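What follows is calculated from the coordinates using simple rules that are stated; it is not laboratory data. A quick note: this is a predicted structure, and the numbers were derived from the prediction, not measured. So basically every Cβ, Gly included, is an ideal-geometry build from the backbone, and we count neighbours across all protein chains shown.
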Ligand code: HEM
């Protein structure tokens, strides 16, 4: 089947609909058109939007695609940026990806980050007395990951730099002056990190990235900084998953009681289901670099394709009663299947699937241990709703907690 045979969105250009509908844009159209794929025009460009496993297998499959040119430039610059692993393909991509796999998946890395975070966040929460989980978890994560990467207190304890790391993910769906300011602050952080690199200890993750060799030479300094930010920025973004998990604890106190005594494996099941039901990355994009025949779909060279992550995470066949929060589904980043794709799909070492899932789940589990075991708290009246027209989405209040006290302090 050629793209012309796919159903088409009836709008001449669907950019405004995408901005208005956010996460619902692809899955609701697919449901309405009775197809897992449809044609549309976004920002004046022809695109094929796909939901479900067929689209995921295309974007995280055998190749013949590039991520270059598949994201609006402001989103790219705030997230991955030019020269990053996400912009590479083939053997060069696998070589660079192996660096991330080693840094993030090796024994002890996730555990170290998670225990540093749990200790520091518990102290920060008790010092604050009341908090917004999205803000405080993101801020603590920024300090912890900068120190873990090898940077000293002039970087890890700088509140403005920590906030900029948060904004790089938080501003991706915005347009206008706020994005330009965030981009300028990102350039400032890049300069600070480049200058501070001389002092990071040998063996630290930042030093290992700076010393990583490609084509017989170390990475150019500007690329090394982009890849160091590819460790720092997404760890800070885990604060959003933590806020979603805290939202469930706030809405359903039974989970708070259950997690107080749960083992790590059960806490991980809870966190994995949070990653399935909560909106984060709505979709990923790529462009074909040659004609491709993919599961009955003939794609020409240069075809822009968007794969729907959010809708795929609610696929009825893969997840019965997909709207229900049900940690008993036994989901895991270790064995994700074709539809559990909060961080992309496919084989992590050879495709663009995120290398940070192990770290993410370890950080979420340690956050749940802090909130359910180390501290007690009350939930003030607030708006815990999640609007799907904002990318990236978040609980409206960021999840506010009050009366934070150490467990056992007469609480
Ligand atoms: C905060 C939660 C996170 C979310 C929602 C997330 C989501 C994603 C997604 C959807 C992709 C695939 C992009 C594509 O297909 O083009 C990706 C790739 C990537 N992620 Fe994450 N991620 C998260 C956390 C992390 C963490 C903690 C790290 C590292 C510390 C990380 C590092 C990366 C890198 C380096 C890539 C590029 C991989 C490649 O192109 O091969 N991410 N992430």
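Taking a ≥ b ≥ c as the square roots of the Cα gyration tensor eigenvalues, with a/c under 1.5 meaning rounded and otherwise prolate when a/b beats b/c, else oblate, which class fits the range 147-294? Could you put the intermediate results ahead of the total?
Working: a/c = 1.69, a/b = 1.40, b/c = 1.20.
Because a/c hits 1.5 or more and a/b exceeds b/c, the range 147-294 counts as prolate.
Order these by the 10 Å Cβ neighbour count, fewest first: 213, 329, 240.
Numbers: 213 10, 329 18, 240 24.
Ordered from fewest to most neighbouring Cβ atoms within 10 Å, 213, 329, 240 come out as 213, 329, 240.
In nm, what is the difference between 0.36 nm times the number of residues separating residue 13 and residue 298 and their Cα-Cα distance?
Values: separation 285, 0.36 × 285 = 102.60 nm, distance 2.29 nm.
Answer, rounded to one decimal: 100.3 nm.
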For this session: May I ask you to list the residues of the range 329-366 whose amide nitrogen lies under 20 Å from a point 7 Å from Cα along the Cα→beta-carbon direction of residue 115?
Result: 358-366
Exercise. Nearest-5 percent of antiparallel DSSP beta bridges in the range 281-411?
Worked result: 90 percent
For this session: Determine the distance separating the Cα centre of the range 87-164 from the Cα centre of the range 14-41; give it in Å without decimals.
Result: 35 Å
Problem set entry | Exposure proxy ranking, count of Cβ atoms within 10 Å, fewest first, for 341, 223, 305, 381 | 381, 223, 305, 341
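For the chain, what is the convex hull volume of its Cα atoms per residue in Å³?
Details: hull volume 56.8 nm³, N = 411.
Normalising the Cα hull of the chain by residue number yields 138 Å³.
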Seminar exercise, completed: Listed with the fewest Cβ neighbours within 10 Å leading, 12, 117 appear as 12, 117
Exercise. With the contact rule set at Cα under 8 Å and sequence spacing of 6 or more, what percent relative contact order holds for the range 10-143?
Worked result: 12 percent
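Could you tell me whether the range 34-189 comes out rounded, prolate or oblate from its Cα gyration tensor? Rule is a ≥ b ≥ c as square roots of the eigenvalues, rounded for a/c under 1.5, then prolate if a/b exceeds b/c, otherwise oblate.
On the way: a/c = 1.97, a/b = 1.57, b/c = 1.25.
Because a/c hits 1.5 or more and a/b exceeds b/c, the range 34-189 counts as prolate.
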Exercise. Relative contact order for the range 3-406 using alpha-carbon pairs under 8 Å, separation at least 6, rounded to a whole percent?
Worked result: 27 percent
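Please give the FRET efficiency for residue 20 paired with residue 323, using the beta carbon to beta carbon distance and R0 = 22 Å, rounded to the nearest 0.05. Write down the numbers at each step before the final one.
Working: r = 22 Å, r/R0 = 0.98.
Efficiency for this residue pair is about 0.55.
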Exercise. Can you give the Rg to Rh ratio for the range 171-221, taking only C-alpha atoms and Rh from Kirkwood?
Worked result: 1.14
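Give the percent of DSSP beta bridges with both residues in the range 3-406 that are antiparallel, rounded to the nearest 5.
Working: 24 of 31 bridges.
The antiparallel fraction comes to roughly 75 percent.
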Seminar exercise, completed: Rounded to whole angstrom, the alpha-carbon centroid of the range 283-360 lies from that of the range 67-86 at a distance of 19 Å
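In the P(r) worked out for the range 8-98, what percent of Cα pairs fall beyond 17 Å?
On the way: 2429 of 4095 pairs.
Result for the distance tail: 59 percent.
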